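Asker: The following block contains the structure, expressed as structure tokens.
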Amino acid sequence: MTDVARPEGLQAQIGGVAEQAQTKAADLAKTAATAAQQRARELAEEQKSAAAQQIEDVARTVDEAAAAVERALPQAAPYVRQAASTVRAASSALRDRSIDDLIDMATEFARRRPAAVTGLSLFVGFAVARFLKASADRRDTAMQARSARRRNQGAASRRPPDVSSPANTQSAGGPSSSGPEGASASPSSGTQRNPSDGQ
């Protein structure tokens with residue numbers, strides 16, 4: 001009877017070990033997911049801060065432009081300064097809000113104005129398609145140019161040697177070529193063709 005009880009105890013131990021391993025694996029997965037989420041949030045915060053700084057730089061540039069416009073066209077300066085103020089406010093809003101707040105704002109905007117989101121998506125899709133097409137066209141043009149160069153190089157290597165080159169001509173004092181019986185094939189040998197003969 002003890003032999004029968006042992007396998008059951010062993011099965012219970014195996015089941016317990018398997019359950020512990022499953023629990024540890026689940027804990028490790030949660031820890032890894034939490035760490036990944038934390039790292040993603042840190043990266044998003046870094047990118048948000050960088051974007052806010054870039055927007056702030058744009059606002060500063062617009063302010064400088066406003067000063068130049070004020071000297072040249074005083075009536076337009078308030079509009080340029082207002083644009084700079086709006087850009088600076090966007091920078092502050094981006095800097096001061098959390099990632100979760102920004103996601104919530106984007107989600108709320110998408111709920112309130114689905115047509116705007118759809119239009120923006122179409123615009124972005126069109127822009128990406130144009131970019132990819134332009135890249136493909138440049139790549140095709142470059143490949144065609146390389147192919148043409150290779151054909152030209154290949155044709156140059158298969159050309160017969162130039163008969164007017166110094167390596168293929170003999171000295172002026174000797175016969176230029178001889179046939180089997182030693183007859184000269186030079187123009188003075190009387191073997192010139194008349195174009196009107198048709199031969």
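Read-outs: derived from the displayed coordinates by stated rules, not from any lab. No experiment lies behind these values; they were computed from the predicted model shown. Cβ atoms come from the backbone with ideal geometry, glycine included; neighbour counts cover every protein chain shown.
Asker: Roughly how many whole Å is it from the C-alpha centroid of segment 32-68 to that of segment 85-152?
Answerer: What the calculation gives is 18 Å, centre to centre.
Asker: Identify, among Q47, A65, A90, the residue whose Cα sits farthest towards the positive end of the charge dipole of segment 1-112, taking +1 on the Cβ of Lys and Arg and -1 on the Cβ of Asp and Glu, with the dipole about the Cα centre.
Answerer: Value computed over the given set: A65.
Asker: Once both labels are modelled 7 Å past Cα along the beta-carbon direction, what's the A44-I103 spacing in nm?
Answerer: In this crude spin-label approximation the distance works out to 0.4 nm.
Asker: Also, quick follow-up: Tell me, Kirkwood radius of segment 114-155 from alpha-carbon pair distances, in Å?
Answerer: Working: mean 1/r = 0.0795 Å⁻¹.
About 12.6 Å, per the Kirkwood formula over Cα pairs.
Asker: Okay, moving on. Work out from phi, with θ = phi - 60° and the Karplus expression 6.51 cos²θ - 1.76 cosθ + 1.60, the ³J(HN,Hα) of each residue of segment 77-87, listed in order in whole Hz, and give x for Gly and Pro.
Answerer: So the Karplus estimates, Gly and Pro as x, are 4, x, 5, 5, 5, 5, 4, 5, 5, 5, 5 Hz.
Asker: Further, regarding this structure: From the P(r) of segment 16-108, could you give the percentage of C-alpha pairs in the tail past 17 Å?
Answerer: Numbers: 2825 of 4278 pairs.
Pairs farther apart than 17 Å: 66 percent.
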